[in-house]
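The values are calculated or read from the model by the stated rules, or taken from the named source; none is laboratory data. These numbers come from a predicted model, not from an experiment. With ideal geometry, Cβ positions are generated from the backbone for all residues, glycine too; neighbour counts draw on all protein chains shown. In case anyone asks, the SASA skips ligands and DNA or RNA and just uses the protein heavy atoms, side chains included. Shrake-Rupley method; radii C 1.70, N 1.55, O 1.52, S 1.80 Å.
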Amino acid sequence: MANAVKLKNLIRDNKITYVVKGSQYIDDRAIMVSDIYRPGLELTGYFDFYPKERIQLLGRTEISYAARLDHESLVNVFKRLCTPETPCFFISRSLPIPKELIEAADNAGIPILSSTESTTYVSSVLTEYLRERLAVRDTIHGVLVEVKGLGVLLTGDSGVGKSETALGLIHRGHRLIADDRVDVYQKDVETVVGEAPQILKHLMEIRGIGIIDVMDLFGVGAVKNRETIQLVIKLVNWDNKVNYDRLGFEESKREICNVEVPQITIPVKVGRNMEDIIEIATMNFRAKRIGYNATTTFDNNLTALIAQNSKDNSTKKAKDADK
């Protein structure tokens with residue numbers, strides 16, 4: 001997990017937020033968890049399981065309930081809500097903020113943010129933002145490209161031709177996400193996303209040429225900031241002693257940030273058009289995902305042919321026996 005997300009970055013990156021009170025405290029606050037909390041039970045005085053380290057989001061329900069409490073009760077409740085670990089308070093729908101909360105937050109050095117958006121929308125946007133930035137992260141040696149709308153991670157030993165193959169794909173209209181080093185993070189239990197480190201963004205290294213700027217050479221449509229990794233293609237140097245999969249029955253996975261991603265191995269050999277092969281591999285992978293599997297079709301056809309030949313042989317033997 002990343003250590004923390006600075007509150008000032010959350011405010012900067014999410015246009016739905018603005019600071020109502022406590023702007024002088026923003027630089028001192030950070031968020032350690034992605035979950036957002038609505039302190040409903042705490043307004044009744046129940047603090048046994050108060051998650052003080054979360055953003056405290058108050059919507060119409062919480063503000064309406066607070067309006068029914070007397071001044072002394074509100075002072076006590078909001079004072080207990082304000083802890084050194086609490087990153088901020090967030091008020092949705094531009095609802096009126098109780099003066100007791102403003103005073104308690106100011107005394108504790110906690111900013112109060114607000115938004116015109118609904119409580120559910122604010123919670124959804126902030127949770128997704130925080131999950132992405134606090135996600136499990138790793139770095140992979142490879143090239144990430146978008147081919148036919150799918151995120152394809154090219155891996156393999158140095159010198160196998162990953163960058164050159166990716167450059168050929170870009171020349172055909174596909175897009176580069178990251179070359180040489182791919183930063184990856186888990187978005188959810190089934191999704192892993194890859195992006196380029198800031199220093200390598202839009203850049204590629206081609207042996208014999210050096211560093212090239214893909215966006216400068218091919219235009220903005222040739223690059224993309226990040227993409228979900230849906231398929232891993234491992235490039236290996238051709239070895240005559242190895243029996244490579246010819247029918248497509250072999251299926252393997254690669255685990256990236258606790259997410260299993262389908263992986264296929266493609267041998268590289270002089271004379272093989274790797275751009276064509278990777279395009280076809282991507283199209284075939286997509287076809288399999290929607291239920292069209294050429295390998296299964298071939299297997300069914302072969303089974304039917306064997307059954308037919310067995311039937312014909314039985315019939316022939318029966319006729320020969322009658323003669």
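Worth a mention:
- Cα-centre dipole for the chain with unit charges at Cβ (Lys and Arg positive, Asp and Glu negative), debye to 20: 760
- Around G59: net Lys/Arg minus Asp/Glu count, Cβ-Cβ under 11 Å: +1
- When the Cα positions of N243, T155, N76 are compared along the charge dipole of the chain, N243 comes out farthest toward the positive end, with charges on each C-beta of Lys, Arg, Asp and Glu.
- The chain gives an Rg/Rh value of 1.20, both radii derived from C-alpha positions and Rh following Kirkwood.
- D216 sits with roughly 120 Å² accessible to a 1.4 Å probe, with DNA, RNA and ligands left out of the calculation.
- Of all DSSP beta bridges in the chain, antiparallel share, percent nearest 5: 60
- Solvent-accessible surface (1.4 angstrom probe) belonging to D180, in square angstrom, nearest 10: 70
- Area accessible to solvent at K52, 1.4 Å probe radius, in Å²: 80
- Sulfur and carbon atoms: percent of accessible area, the chain [1.4 Å]: 49
- Probe 1.4 Å, all protein chains present, accessible-area order of S34, S94, largest first: S94, S34
- Heavy-atom SASA rank of V122, V242 (probe 1.4 Å, accessible area, largest first): V242, V122
- Per-residue accessible area (protein heavy atoms, 1.4 Å probe) orders T228, T61 as T61, T228, starting from the largest.
- Computed over protein heavy atoms with a 1.4 Å probe, the accessible surface of the stretch 161-201 works out to 43 Å² per residue.
- Cα gyration tensor shape for the stretch 1-75, rounded if a/c is under 1.5, else prolate or oblate: prolate
- Cα shape, the stretch 122-186, gyration tensor, a/c 1.5 rule: oblate
- Rounded to 5, the percent of DSSP beta bridges in the stretch 1-128 classed as antiparallel: 40
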